[in-house]
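Enquirer: Here it is: the structure, laid out below.
Every read-out reported here was derived from the displayed coordinates using simple, explicitly stated rules and does not represent laboratory data. Nothing here was measured: the structure is a model prediction, and the numbers come from that model. Heads up, the Cβs are rebuilt from the backbone with ideal geometry, glycines too, and the neighbour counts pull from every protein chain shown.
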Amino acid sequence: MTRQLPVARPTRTAPPTQWPAALSLDALKRQAGIAQSIDYHDAYLESLREAAVDLVEHATGRILAPGPFVWYPGELTSALPIPVRPIVNNSVQVEVRNESGNWEIVSTNQYVLLEPQESPTLYAYDGWPITDGHPDGVRISFTAGDTSPPARATQAVLMLVGHWFAQRDPIQVTSAPQAVPAAFDLLLSSLRRGTYP
């Protein structure tokens, strides 16, 4: 009996090559109310941006800045939905492990990617190759991300960065901690798969 690994979310293999203008450092500074540039503020804002983008991407499945991803789906089904979107330029490569444990590229003549922008799904023409029982026998590499993400997505990121920057003290001595604005949750819910055009 082979052990099955849990299906994991796709992970970035490298940071975004360029952030969309709406998520630039200048936009973060405006959101945080910073008039002049201080190195430690810049680094802190950039780390907050990465955390906020990760949270929004994870909650919505929409990738906000283009970059390379890898995904180990567990096993191949005839229709394999990719859990993030959009896929850039149909840039999907499927690999399977052979009996000696080496990766083999599956020919692009054996599958097709449909609906790469909103519901990317891989379909096999005549079935997928056998993965010889390797629990991590399938690897899918692709580039995903919006070059200009929806305004609601960038606003959610900026709102969260501004909130975290304003609430950066670990202890609130004078007043109770402020909750994340309710508008953030509304923006996220409007961006989930199937609810945003």
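Enquirer: Run the simple label-point estimate for Thr13 and Ala151 please: 7 Å along Cα→C-beta, distance reported in nm.
Expert: 3.6
Enquirer: Right, another one. Report the semi-axes of the equivalent ellipsoid for the chain in whole Å, largest first, where each axis is √(5λ) for an eigenvalue λ of the Cα gyration tensor.
Expert: In descending order, the three semi-axes are 38, 17, 16 Å.
Enquirer: Sticking with this structure for a sec: Listing Glu95, Glu118 from the residue with the fewest other Cβ atoms within 10 Å to the one with the most, what is the order?
Expert: So the residues, fewest neighbours to most, are Glu118, Glu95.
Enquirer: When you have a sec, figure out the Kirkwood radius of segment 18-58 from all distinct Cα pair distances and drop it here in Å to one decimal?
Expert: When all Cα pairs of segment 18-58 are included, the Kirkwood radius is 10.5 Å.
Enquirer: Can you tell me what share of the DSSP beta bridges in the chain is antiparallel? A percent to the nearest 5 is fine.
Expert: Of the beta bridges lying entirely in the chain, close to 95 percent run antiparallel.
Enquirer: Next question. Could you tell me what fraction of 2.2 N^0.38 Å the Cα radius of gyration of segment 67-144 comes to, as a two-decimal ratio?
Expert: 1.03
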